[in-house]
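Okay, structure first, notes after.
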């Protein structure tokens with residue numbers, strides 16, 4: 001397979017191909033991807049291009065490169081880690097807790113209700129509302145706002161699974177994520193779903209960008225941290 005500069009930087013093209021092979025299971029977790037010389041020959045690029053692509057995958061948490069061993073697949077999630085930080089959901093599961101998702105509602109909303117939506121999306125966008133449960137207790141309320149350019153599955157069950165995996169299957173390729181945190185008071189409906197009285201809660205805002213640095217998903221989440229604090233682990 002030959003890559004073309006007409007489609008952008010070669011290392012980014014190679015990174016996306018390797019990432020897709022990892023996510024689709026062609027390169028399973030705990031196995032080695034082809035060596036640098038093998039990738040160089042297959043794609044007709046330089047060793048430097050191969051190394052840059054692999055470095056990008058390593059930074060995102062998909063692979064780990066070890067001298068004398070090769071490059072091992074560590075993770076096959078469609079959402080990039082983009083840092084050495086452990087995702088909060090992974091931490092909870094690692095600690096032996098149960099974390100489940102419940103799909104609440106899918107709707108089309110007027111973007112004028114929110115300055116972020118009005119700035120980045122067209123006149124309308126999708127809103128997916130979900131509830132996460134921690135050991136069977138309502139814990140996090142999410143509202144995901146997604147561009148109407150993205151084709152969402154018709155089956156509600158598919159919207160209950162990983163939203164980022166679903167978007168990846170629809171052709172979205174994530175480039176970067178930005179999280180902002182604040183304290184906010186949910187409306188009565190959200191408080192009811194969390195089974196608490198209206199009170200200030202930890203609030204997270206996430207911005208998800210594609211390869212063209214276009215915002216494709218924006219979410220707002222309320223966390224009932226009385227059940228469990230928000231934790232971020234960083235590996236050195």
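Only the coordinates and a few stated rules stand behind these numbers; no lab work does. Everything quoted here is computed from the prediction, not taken from an experiment. Here Cβ is always computed from backbone atoms with ideal geometry, including for glycine, and neighbour counts include all displayed protein chains.
Return a whole-number percent for the relative contact order of the chain, with Cα pairs under 8 Å and 6 or more residues apart as the contact set. Before the final figure, lay out the partial values.
Details: 413 pairs, mean separation 36.5, N = 236.
Contact order relative to length: 15 percent.
In what sequence, highest mean first, do 44-57, 94-107 appear when ranked by Cβ atoms within 10 angstrom? Let's see the in-between values first.
Working: 44-57: 17.8, 94-107: 12.9.
Descending mean neighbour count gives 44-57, 94-107.
Among 125, 111, 192, which comes first, then next, by fewest other beta-carbon atoms within 10 Å? Could you put the intermediate results ahead of the total?
Working: 125 24, 111 18, 192 13.
Ascending number of Cβ neighbours within 10 Å: 192, 111, 125.
From the Cα gyration tensor of segment 5-80, with a ≥ b ≥ c the square roots of its eigenvalues, which class applies: rounded if a/c is under 1.5, or else prolate if a/b is larger than b/c, or else oblate? Could the numbers behind the result be given before it?
On the way: a/c = 1.70, a/b = 1.24, b/c = 1.37.
Oblate shape, in that a/c is at least 1.5 and b/c is the bigger or equal ratio.
Here are several values of Rg and Dmax of the Cα atoms in Å: [x] 17.1, 55; [y] 19.7, 62; [z] 18.9, 59. Which one was derived from the coordinates shown?
Given [x] 17.1, 55; [y] 19.7, 62; [z] 18.9, 59, the calculated one carries the label [y].
Using only Cα atoms, tell me the angle between helix 10-23 and the longest principal axis of the chain; keep it within 0 to 90° and round to the nearest 10.
60
So how tilted is helix 47-59 from the main axis of the chain? Cα-based, degrees 0 to 90, rounded to 10.
20
Would you please give the FRET efficiency between residue 51 and residue 150, computed as 1/(1 + (r/R0)^6) with r the Cβ-Cβ distance and R0 = 30 Å, to the nearest 0.05?
On the way: r = 33 Å, r/R0 = 1.09.
With a Förster radius of 30 Å, E is 0.35.
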